[in-house]
Amino acid sequence: MPTLSVTMLRPAPSSGIARVARPATLAAVFGVLATALAAAGSWIPSLWGDEAASIMSAQRPVPSLFRMLGHVDAVHGTYYLGLHAWGGLVGFSPFAVRLPSAVAVGLATAAVVLLAARLRGTRAAIVAGLLCAVLPRVTYMGEEARSFAFSAAIVAWLTVLLIAILDREHPRAGWWVGYGALLTVGVYVFLYTVLFVVVHGVVVAASRAPRRVVAGWALASAGGLLSSAPLIVVAVSQHHQIAYLGAIPQLAPQTLFSGLWFGDAWPVAIVAWALIALAVVTEARQRVLVARAAGGGLFFLSATRLPSLVPLALVWLALPTGILIAVQEVVPDFTARYVSFCAPAAALLMACGVDDLLRWRRWAGLLAAALVVALTVPAYLDQRTPYAKNGSDWAEVSAAVGANAIPGDAVVFDESTRPSRLPRLALHTYPAGFAATADVTLAAPFATRTTWRDSAYSVRRAAQLGRFDGIDRVWLVEYAATPSTPDTYGVADLTALGFHETTTRIPTHHALVALYERTR
């Protein structure tokens with residue numbers, strides 16, 4: 001274990017590259033590294049239900065999007081608007097819609113480096129940047145077209161801004177305006193960013209900041225909350241959207257121990273929690289020594305105006321997660337991805353543990369860092385396989401139809417499964433494969449509705465409306481929980497219309513694409 005002393009509470013002297021590299025340079029380097037890692041292979045996994053909601057919402061005309069947000073998904077509205085603008089420039093391919101999230105995790109990683117450099121030292125900043133870039137939760141949200149990566153970036157930079165303010169004797173009004181504005185943007189991007197008022201409240205209370213600084217923070221936070229009030233009110237009215245979280249177990253031991261930030265692999269979680277525990281215990285023991293030598297020294301109280309990195313990262317990691325878990329039984333509001341914005345804090349705590357080992361024995365610290373990186377490689381590679389996103393196979397479904405359909409064919413999608421797994425979503429996420437087909441059961445396109453998805457007729461109702469007139473070939477796309485158990489949606493009605501199944505049956509990971517023909 002590291003030799004304990006009062007001086008260990010200060011940033012350690014750096015050596016080698018850590019001595020010559022400026023924090024801003026390191027932040028840029030590791031930010032680019034994190035972006036590159038997240039973006040690499042991000043086009044491989046098939047888009048899935050949540051991403052389909054993002055893409056289809058972003059593809060709407062803006063007036064249509066606002067109408068939808070008045071009924072559902074208001075909490076994602078800011079992200080959808082941003083993706084609408086981005087997609088209008090570069091399109092909605094899997095790589096294009098996921099690239100902004102990769103950039104966002106790069107920004108989050110850069111903020112982690114700056115925090116570690118300022119509060120602990122350049123060596124810790126290097127380790128923190130490396131670990132944040134490879135952490136499974138970070139690499140996962142960096143290849144997903146949702147707002148979680150942006151929430152992580154915003155809270156990380158909000159914390160950088162808070163530390164910069166606390167380090168000033170007389171912060172100018174512009175600092176507080178910037179803090180309140182970034183807090184507001186964070187809440188509009190991801191509602192649970194509001195929990196960082198509590199996190200930062202603890203940090204400010206534990207600091208040695210003058211009363212005027214504390215009052216300034218309180219006013220800036222109040223302004224941010226007031227500006228966010230419209231969204232908070234609408235979100236409460238739409239809370240029924242996530243009521244299903246109460247019916248699905250969210251607090252399984254593996255989820256809490258491993259799934260939140262370290263992927264599904266226990267080895268990564270074991271090493272990560274060991275490093276976090278080492279960092280917390282070492283910090284606590286150091287503070288006990290300080291308390292004995294100088295009096296005072298509670299764990300969360302700062303000996304200087306700025307907080308120590310370990311307590312800061314600990315409240316960042318524990319408070320939002322703990323609050324959401326605590327109220328889960330009363331108000332279902334928790335699933336693992338909702339605390340993605342705590343992943344940078346996990347990286348900071350792990351980096352502190354590695355730094356403690358480096359101070360004790362250099363080889364031990366290097367071995368720990370190398371072990372973490374090595375253990376994350378399988379999780380990283382698994383995230384970049386075709387079915388990595390909830391088993392979705394829509395890219396494969398689209399390719400199967402596109403390779404076999406001819407102009408004049410119709411397509412019928414299984415409408416009997418839950419909305420996030422509807423095979424119809426393949427049409428909107430990978431439209432190229434369906435270019436030659438007619439969507440004969442479409443009742444109302446998503447852009448005309450107040451929810452994010454289409455409505456569809458049954459096969460029988462579509463036939464009554466004449467949708468099958470002149471159609472001799474139909475591609476039926478059935479959902480299949482397993483390849484051997486496809487659904488039988490629409491089969492009886494197609495048979496009644498004179499269609500018979502051909503030998504063209506193409507099983508995919510979670511679907512069966514089958515050709516039906518009729519003769520006249």
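Close amide-amide hydrogen proximity is noted between Val412 and Trp475, Leu476, Val477, each under 5 Å apart and 5 or more residues distant or on a separate chain (H modeled in the peptide plane; Pro and chain starts excluded). Only protein atoms count toward the accessible area here, which uses a 1.4 Å probe; on segment 210-279, the carbon and sulfur part of that area reaches 75 percent.
Considering only the Cα atoms of segment 265-409, their convex hull presents on average a projected area of 14.7 nm². Using the Cβ-Cβ distance between Val281 and Phe66 with R0 set to 51 Å, the FRET efficiency from 1/(1 + (r/R0)^6) comes to roughly 0.50. Taking a label point 7 Å from the Cα of His239 along the Cα→Cβ vector, which residues of segment 323-342 have an amide N closer than 14 Å to it? Residues passing the 14 Å test: 324-334.
Scoring 133-143, 404-414 by mean Cβ neighbours within 10 Å over their residues and listing the highest first yields 133-143, 404-414. Rounded to two decimals, the Cα-based Rg/Rh of segment 106-216, with Kirkwood Rh, is 0.99. With 0.36 nm allotted per residue and the present C-alpha distance subtracted, the Asn404-Val198 stretch has 68.5 nm of extension available. Within the full protein context, the accessible area of His509 is estimated at about 70 Å² for a probe radius of 1.4 Å. With the whole protein complex present, Met350 retains an accessible surface near 0 Å², based on a 1.4 Å probe. Using a probe of 1.4 Å on the protein chains alone, the accessible area found for Ser93 is around 60 Å².
Among Trp86, Trp266, Trp43, the sequence by solvent-accessible area, most first, with a 1.4 Å probe is Trp43, Trp266, Trp86. Rolling a 1.4 Å probe over the protein heavy atoms of segment 403-517, with every protein chain left in place, gives an accessible area that is 54 percent carbon and sulfur. On segment 51-198, 72 percent of the accessible area sits on carbon and sulfur atoms, based on a 1.4 Å probe.
Ala149 sits among other residues whose Cβ lies under 14 Å from its own Cβ, and their net charge, with Lys and Arg +1 and Asp and Glu -1, is 0. Of all DSSP-defined beta bridges confined to the chain, some 70% are antiparallel rather than parallel. Note on Ala28 and Trp360: the extension gain reaches 116.6 nm, defined as 0.36 nm multiplied by sequence separation minus the Cα-Cα distance.
Straightening the chain between Arg208 and Ser455 buys 83.1 nm, computed as 0.36 nm per residue apart minus the Cα-Cα spacing. Based on protein heavy atoms only, the chain ends up with 41 Å² per residue of surface accessible to a 1.4 Å probe.
The values are calculated or read from the model by the stated rules, or taken from the named source; none is laboratory data. Everything numeric here is computed off the predicted structure, so don't read it as measured data. Methodologically, a virtual Cβ is constructed for each residue, glycine included, from the backbone with ideal geometry; neighbour enumeration extends over all protein chains shown. The accessibility values were calculated without ligands, DNA or RNA, using every heavy atom of the protein model including side chains. Shrake-Rupley method; radii C 1.70, N 1.55, O 1.52, S 1.80 Å.
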